[in-house]
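Take a look at the structure set out below.
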Amino acid sequence: MLEIRQENKEDYDEVYNVVKTAFATAKHSDGNEQDLVVDLRKSNNFIPELSLVAIQDNKIVGYILFTKIKIGEYDELALAPLGILPKYQKQGIGKTLIEKGHKIAKKLGYHYSIVLGSEKYYSKTGYIPASQYGITAPFEVPNENFMAIKLNDTDAEITGIVEYAKEFGI
């Protein structure tokens, strides 16, 4: 049975290996996703409640992290990374992690989450091109790969260029 829970310090080494293994064969990877997680945990943009692990067969098989970004004057979220061990991919674990993260993010009062990734994958969880919300990337990227999802309604006009945490190196 799949369990999703908040990551704790005892998980750090296992999460490091899960993320490293998950991205080892990814088409679009710089090979440093596991180190990004380590750096983001130390940043002011880290939100412990949105650092989640998926446990199956008594081990961590997946991980997701949402961190604070700025869109205009608003604190919103970036989903990065999402990693599932290859043996456990295509079983809905990633989608379950995303949905759980969105549920927590809504409760915490965030309005948007953005992601840079496969439009075929992330569109299945409600992400659409961020440009449809007036949200743009701070770098050149195909429109269909820079996506956002609206988590909570707001009267405020939240549009603009995304400002990532400095740990992203953008």
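The values are calculated or read from the model by the stated rules, or taken from the named source; none is laboratory data. Because the structure is a prediction, the values reported are computed rather than measured. All Cβ positions, glycine included, derive from the backbone under ideal geometry; neighbour counts span all protein chains shown.
The figures follow:
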{"item": "Criterion (more than 19 Å from G92 (Cβ to Cβ) and either exposed (fewer than 15 other Cβ atoms within 10 Å of the Cβ) or in contact with a strand residue (DSSP E or B) (Cβ under 7 Å, 6 or more places away or on another chain) (or both)) met by exactly one of I55, I4, I60, I71", "result": "I71"}
{"item": "Members of the range 118-141 found to be on the phi < 0 side of the Ramachandran plot, surrounded by 15 or more Cβ atoms within 10 Å (Cβ to Cβ) and part of a loop (DSSP other than H, G, I, E, B), listed by number", "result": "S118, Y127, A137"}
{"item": "Residue within the range 155-170 that is at pLDDT below 95, assigned to a loop (DSSP other than H, G, I, E, B), small (G, A, S) and on the phi > 0 side of the Ramachandran plot present", "result": "yes"}
{"item": "Looking only at the range 147-170, and only at residues there that are out of contact with any Gly (no Cβ under 7 Å at 6 or more places or on another chain) and hydroxyl-bearing (S, T, Y), the one that is surrounded by the fewest Cβ atoms within 10 Å (Cβ to Cβ)", "result": "T154"}
{"item": "Some residue of the range 68-83 being of a type outside the set (K, R), over 20 Å from F168 (Cβ atoms) and out of contact with any Phe, Trp or Tyr (no Cβ under 7 Å at 6 or more places or on another chain)", "result": "no"}
{"item": "From the options E49, E144, E76, residue that is at pLDDT 95 or above and crowded, with 21+ Cβ neighbours inside 10 Å", "result": "E76"}
{"item": "Options K124, K103, K150; residue that is touching a strand residue (DSSP E or B) at 6+ places or on another chain (Cβ under 8 Å), over 23 Å from Y16 (Cβ atoms) and among the charged types (D, E, K, R)", "result": "K150"}
{"item": "Any chance K87 is among the basic types (K, R) and more than 17 Å from the chain's Cα centre (by Cα)", "result": "yes"}
{"item": "Residues satisfying the stated conditions in the range 98-117, i.e. assigned to a strand (DSSP E or B) and either small (G, A, S) or in contact with an Asp or Glu (Cβ under 9 Å, 6 or more places away or on another chain) (or both)", "result": "Y112, S113, I114"}
